[in-house]
Amino acid sequence: LFFVRRRGRPPRMQNHPLKCRIAFREVRRKLLLALEQHETTTDRRDRDVVCGEVFADVTGRLNAGLQAELGFARWYEALASYLEEDEEAADELLSIFKRLGGQPFAAPIFSLLFHRWLLSKEKSLKHLGIMIAGCRQLFLGDVDAGTTAFGPLHAYITAHVVPRYERPLEDESEYSSIGSNPFTDPDHRLLGLCAAFLPYYCDDDGSFLAVIDRIAAAGQRTNPQEPQEPQGQQPPPGQRLHFSAVDFAVGRAVDALSNDVRSDAATAQYLRRLASLKSHVKGLRLSTRIRLQGVLYSFAQPGGPRYASKGVNRLAFRTLDELFPHGKRTRRAINFGFRGLFVFSKLTGAVYYAYIRTWLFFFTMFRAVVKAFRRATARRRPGAAKVSGGRSKRWFGRRDGSASNG
């Protein structure tokens, strides 16, 4: 009876499932409890425990019945859709997050709950920055754990940001945003976030290439072609700016593979997806190609600095051959030569170790023989028997318990 619909309820609340509203109230209650612990006590353990419970509840998986009813696999998807429709609930929860700012769990939970609300409307850059930071933490957690719990979040952000570069530009003012700084422009930051983890969340080469081809559909985005300036005069600064979305995306994926990926399973996933970029390698900048080659070479080495497994070594060499077929035989020959030197150094070390151990053995045996020879010759000298006899008597006297002093 407590959940009967009331007449004054807005239509968006009536259309949303009841369990989403109950889940939202529970999340709000726990966040208020964490806020109370944060403001009244200096002990962080209670606050962290409550925030951990909220994170576990939000990232939990729905049962089969709720998945069929809501169309989502996890609770954060359903709650994000609910907050997107209910502006009052979103504002109420946002005020709590503003007072919880700077806490460890604040950015990830904020990203899970407000990603639809932020991307569907024009919001402040500060909120977008918090969402990007939280999403990066979540995606790194997936990569380290080898799971895809936040794959729907990545798919939604990718579906939002990719059409921005796919559609043709209609207004000349949009060229300024495309040629702007990729580190400050929201679209560029979102594209960099999606591209950094795109090889990991794509299940096959087809889906990965589909996204890359959509990004590359617009080609090289440059400012409008204007009449050439006379010699001796430089074009305006805005005209020299250009931005290649594919180069930017591949560069972010290479940076993530170089700096963030640690597990062998995630590394192999990245290498398999990057091997399918054969048709886009020629369109990359020289600096991006050099960085890509450097990362692949580092994973192809058997030792440091990566210390990758043999499977990753072979996969990295296969990726190098796919992306850069020119010089394939030379690379193989050089690698075979260095591996031969590596085996030779190992054999040399083994021989040197056996050589030292052999000399130590003979030296020990020689010392034992010399000591035995000295003992034998000492017994044959005059007076050796008396000395030995005296020693034996003293020894036997002690053994029998006598107090003789020799």
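The values are calculated or read from the model by the stated rules, or taken from the named source; none is laboratory data. Since we're looking at a predicted model, the values are computed, not measured. Here Cβ is always computed from backbone atoms with ideal geometry, including for glycine, and neighbour counts include all displayed protein chains. All accessible areas refer to the heavy atoms of the entire protein, side chains included, with ligands and DNA or RNA removed. Shrake-Rupley method; radii C 1.70, N 1.55, O 1.52, S 1.80 Å.
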| query | Does ASN335 satisfy the condition of being part of a helix (DSSP H, G or I), surrounded by 14 or more Cβ atoms within 10 Å (Cβ to Cβ) and either touching a Pro at 6+ places or on another chain (Cβ under 8 Å) or at positive phi (or both)? | reply | no
| task | Give the stretch 56-69 a look and list any residue that's under 26 Å from the mean Cα position of the chain (by Cα), of a type outside the set (D, E, K, R), within 16 Å of PRO152 (Cβ to Cβ) and not in a loop (DSSP other than H, G, I, E, B), or say none. | result | VAL58
| query | Which number in (1) under 26 Å from ALA249 (Cβ atoms); (2) modelled with pLDDT of 80 or more; (3) not acidic (Asp, Glu) marks the one condition that GLY327 misses? | reply | (2)
| request: Inspect all residues belonging to the stretch 244-265 and state whether any of them is touching a helix residue (DSSP H, G or I) at 6+ places or on another chain (Cβ under 6 Å), among the polar types (S, T, N, Q) and modelled with pLDDT of 90 or more. | output: yes
| Any helices (runs of 4 or more DSSP H) falling wholly within the stretch 70-153 and containing at least 2 residues that are among the polar types (S, T, N, Q) and either in contact (Cβ under 8 Å) with a residue 12 or more places away in the chain or surrounded by fewer than 19 Cβ atoms within 10 Å (Cβ to Cβ) (or both) | 106-120
| Can you name the residue in the stretch 256-282 that is part of a helix (DSSP H, G or I) and polar (S, T, N, Q) and is also most open to solvent (accessible area, probe 1.4 Å) among such residues? | ASN259
| said: Just the residues that are over 19 Å from THR148 (Cβ atoms), open to solvent by less than 40 Å² (accessible area, probe 1.4 Å) and assigned to a helix (DSSP H, G or I), please, taken from the stretch 241-255. | reply: ALA245, VAL246, ASP247, PHE248, ALA249, VAL250, GLY251, VAL254
| remark: Quick count over the stretch 6-61, residues being open to solvent by less than 80 Å² (accessible area, probe 1.4 Å), among the polar types (S, T, N, Q) and modelled with pLDDT under 85, is 3
| field | Of all residues in the stretch 283-310 being outside any loop (DSSP other than H, G, I, E, B), of a type in the set (Lys, Arg) and under 17 Å from PHE248 (Cα atoms), the one that is most open to solvent (accessible area, probe 1.4 Å) | value | ARG291
